[in-house]
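Structure, as structure tokens:
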Amino acid sequence: MRYAFAGLYVAMILALLACVVVARRSYKKIKGAVAMQVGMTIPPVIGNLIIVLSTSYLPAKLGCYVYFIGMDAFIMALLHFTFQYCVIKWPSQKLHFLVYGVITLDVVQYLLNPIFHHAFDIEAVLVDGENYYRVVPYFGQAYHRAVVYALFFAVLIIFVVKIVKSPKVYTERYSVILITIVITALWQTYYIFSRTPIDRSMTGYGVFGLLIFYFALYYRPLTLLDRLLANMASDMPDAIFFYDADGRCIWANQPAIDLAGIKDEAFDKTSELLTAKFGTKEDFDKSEWECTQVLGSGSAAEYYYQSKRTVRDEKGLVTGSFITIRDITKEQRALQQERYNATHDSLTGLFTKEYLYECIRKRLDKDTQKAYLILYIDILNFKLVNDVFGSSFGDVALKQIAGFLREKNSKSGVFGRLGGDTFGLCIPKNEFNEQELETSLSHFNINDGQIDHNIIIHIGVYEVVDRSMKISIMFDRALMAMRTIQDEYQRHIAFYDDKMRKEVIWAQQISAQLMDAVKNRDVVPYLQPIVDGNGKIVGAEALTRWIHLEEGFLAPGSFIPVFEKNGMITEIDRYMWRCACEILSTWEKEGRDLFISVNISPKDFYFMDVKAEIQNLVKEFGVTPSKLRIEITETVMMTDVENRMKMIDELRDAGFIVEMDDFGSGYSSLNLLKDMPVDVLKIDMKFLTKTADDTKARTILQNIINLSDDLGISSLTEGVETKPQLEMLSEMGCKLFQGYYFAKPMPLAEFEEFWKSNRA
Ligand code: C2E
Ligand code: MG
Ligand code: MG
């Protein structure tokens, strides 16, 4: 029997040691307390092992010391474990020290026992003819028992309180430990009072250590889990239906009951109810599936995400399944709204530029057989519409144009808003009716209920030739076409062609080169003589020429319009005026009485202070103002009339001579002439010779000359090419002439030669 118990204890010690090692490796927070608790179970067991094995007095007594002091360590560890496991703190530091002091005192009194023999002794008993030792308790032993029982009792109380106070689902967590402790305590008590020679209670301690190890670290309280899972399932916002292995619904949570309309917990009706609501599902009997189902359509559509999962046991047999259904209508609507907002313009509801490009791309890639047109649609002077009628009227205009696009193209066109006042459209070529569109655009009125205003819409059209081209480039080309008519009121539609592209490229090229050309003096003034009635040169007009590095000699016709459009004309003009002043200053120094006329573009007035610029130049070069003649055209007077007139007056007051260039070419009216503060009228023969009826032209010319004479304005005819022309003009009273009949524009050096020979 001795060895049987010894073997049992050794096995127990090894098992406990293993538990300590494993516990220390656990990831749980309680692992330290568990390891200590299990570890401290070992010394009492060792003590008992020694006692059991002892056949003589001394080793048996030593065993007792190990056992009792080990017991103190055990109880200390149990306290520590209890506090950790129950997540409580010592009520006061004093109590904490008192308790540990009481235990320490117990250890001390055992250590003093060899001297005072007050705690215990041992006596031998014969069992089956063998010597066993058991304890003979004295006063000190009573203290030990009191301490151990009191603390044991305290631990029990703690667990009981914990069980009572915690939510029901946690009871099991504490109960298992409490029961373990109670059984161990009873086991121990039984031994003490039975006074058997072998302390069987130790087996109880060993088992206690192992149980603590298991319950604290590995045991999952199933009722707790069950409750938690059940609560979770009930509280889930998703509808959940639980089915048994035979496919019968056994339970559903509240959202599920509401969704399916289950009454009185009649869960067996669930399948029928779900089929009635969602229809039959092909793969319903499959063990796993998921899908999003839409009920209804349009804005009333409801969206449900559904899934089925099957649960199997360890052998792979189906134990049941559950279906979850989530109403995702809100999320779907929000998502759709978000998608809509990202792809649609908020004002007009049309596609945004990016989305339009995307849709056109798809259309062109899909419908490869049809020819398509890309239209760039722009409102003329939209800013003005906004400024004059208010931005709310502007908004109405944009919405009405959007409505117009919808009405005309809802069938097969793709359209959207490209930006502020521009729209884009892609339609099959065979559906584009230019005539009809031109007609509807010719009287496009915007009406907001109060104001009725006609707006001009311009459309640039590009025919898609190369489908792989970027959509943005297609629109660039349509825009290019639109720009060619953007100042026009009569035409609304312009088509892109390659010439247009070349022009644009040309414009870009020369615009990039202009500054360098001016700096390198590749741009030069040519002078065309102006003569009086006797053929004497009285002055010259400075006309610009560009000796282009690659293109060679360029007449103004090929670059002036480009720069007039983009405003770079000011660079040329400023430079030309400077050249004119330079020449005039040398002429003046040499005493030559010649003037130079320079051209001023209407755009100059937008981009610089013409008056200040010219005045500074004559000052800088010391030129007499009357020697620099200024040629303006009627278009200068088309806008901001008052200020322009004022400026011209000021220039004249400063001594400059102002000439009206190209009179007869544009909207010239004789009426205008009487208000125009100019000194000279330049009449262009070119325009007159265009008039088929010669006598009519003659009459007009005569009248212009007469009128200007009456108004004190002298007349100069340019474009004189023949002698009869000259004679006729002289007869009519014209004083000055310019034209190929005398000389073409020429470089300065040549002009000087020409002048010298003319004088001779
Ligand atoms: P413009 O100011 O009316 O200049 C007269 C144009 O008529 C010049 O053409 C000249 O060469 C041309 N011309 C002169 N006599 C005759 C003739 O007998 N028959 C014909 N058929 N043409 C004649 P050019 O030099 O090609 O200049 C064209 C236009 O370019 C000018 O018309 C002017 O409006 C503009 N321009 C020229 N240089 C400048 C400049 O430096 N600045 C600005 N803003 N415009 C300029
Ligand atoms: Mg001119
Ligand atoms: Mg002219």
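The values are calculated or read from the model by the stated rules, or taken from the named source; none is laboratory data. What you are looking at is a predicted structure, and each value in this text was computed from that prediction instead of being measured. Backbone-built Cβ (ideal geometry, glycine too); neighbour counts: all protein chains shown. For accessibility, only protein heavy atoms count, side chains too; no ligands or nucleic acids. Shrake-Rupley method; radii C 1.70, N 1.55, O 1.52, S 1.80 Å.
Annotation note: of Val636, Val610, Val623, the sole residue that is surrounded by 18 or more Cβ atoms within 10 Å (Cβ to Cβ) and within 16 Å of ligand 3 (Cβ to nearest atom) is Val636. Within the stretch 1-59, the set of residues being crowded, with 16+ Cβ neighbours inside 10 Å and among the charged types (D, E, K, R) comprises Arg2, Lys31. Taking the criterion of being touching a Leu at 6+ places or on another chain (Cβ under 6 Å) and touching a residue at least 40 places away in the same chain (Cβ under 8 Å), the residues of the stretch 399-421 that qualify are Ala402, Phe415, Gly416, Arg417. The criterion of being on the phi < 0 side of the Ramachandran plot, open to solvent by 30 Å² or more (accessible area, probe 1.4 Å) and outside any helix (DSSP H, G or I) holds for Gln450.
May I ask you to verify whether Leu373 is out of contact with any Phe, Trp or Tyr (no Cβ under 7 Å at 6 or more places or on another chain) and surrounded by 15 or more Cβ atoms within 10 Å (Cβ to Cβ)? Judged against the criteria, Leu373 is not a match. Only one of the numbered conditions (1) closer than 29 Å to Ala119 by Cα; (2) out of contact with any strand residue (DSSP E or B) (no Cβ under 7 Å at 6 or more places or on another chain) is violated by Thr55, and that is (2). Name the strands (runs of 3 or more DSSP E) wholly within the stretch 516-631 that hold at least 1 residues that are farther than 30 Å from Val504 by Cα, touching a helix residue (DSSP H, G or I) at 6+ places or on another chain (Cβ under 7 Å) and within 16 Å of ligand 2 (Cβ to nearest atom)? So the answer is 523-532, 537-548, 595-599.
Across the stretch 714-760, the qualifying residues are those that are polar (S, T, N, Q) and not in a helix (DSSP H, G or I), and the one among them that is nearest to Val523 (Cα to Cα) is Gln738.
For the stretch 459-480, filtering for residues that are out of contact with any strand residue (DSSP E or B) (no Cβ under 7 Å at 6 or more places or on another chain), assigned to a helix (DSSP H, G or I) and closer than 16 Å to Lys502 by Cβ leaves 2.
Checked against (1) surrounded by fewer than 20 Cβ atoms within 10 Å (Cβ to Cβ); (2) more than 20 Å from Glu582 (Cβ to Cβ); (3) of a type in the set (S, T, N, Q), Ser601 meets all criteria but (1).
Can you find even one residue in the stretch 559-580 that is at pLDDT 95 or above, crowded, with 22+ Cβ neighbours inside 10 Å, farther than 17 Å from Pro745 by Cβ and not aromatic (Phe, Trp, Tyr)? Among the residues of the stretch 559-580, at least one is at pLDDT 95 or above, crowded, with 22+ Cβ neighbours inside 10 Å, farther than 17 Å from Pro745 by Cβ and not aromatic (Phe, Trp, Tyr), which makes the answer yes. State yes or no: is Asp532 within 21 Å of Met746 (Cβ to Cβ) and either under 45 Å from the mean Cα position of the chain (by Cα) or open to solvent by 30 Å² or more (accessible area, probe 1.4 Å) (or both)? In short, yes.
Applying a threshold of 7 Å to beta carbon distances and a minimum spacing of six or more residues, or different chains, the list of pairs starting in the stretch 606-631 at a residue that is touching a residue at least 24 places away in the same chain (Cβ under 8 Å) and ending at one that is within 16 Å of ligand 2 (Cβ to nearest atom) and of a type in the set (Asp, Glu) reads Val610/Asp604; Arg629/Glu659; Ile630/Glu659; Glu631/Glu659; Glu631/Asp661.
As for the stretch 647-657, it holds at least one residue that is open to solvent by 20 Å² or more (accessible area, probe 1.4 Å), in a strand (DSSP E or B) and within 16 Å of ligand 3 (Cβ to nearest atom).
Of the residues Glu590, Glu541, the single one that is within 16 Å of ligand 3 (Cβ to nearest atom) and assigned by TED's automatic domain parsing to the domain that holds Leu716 is Glu541.
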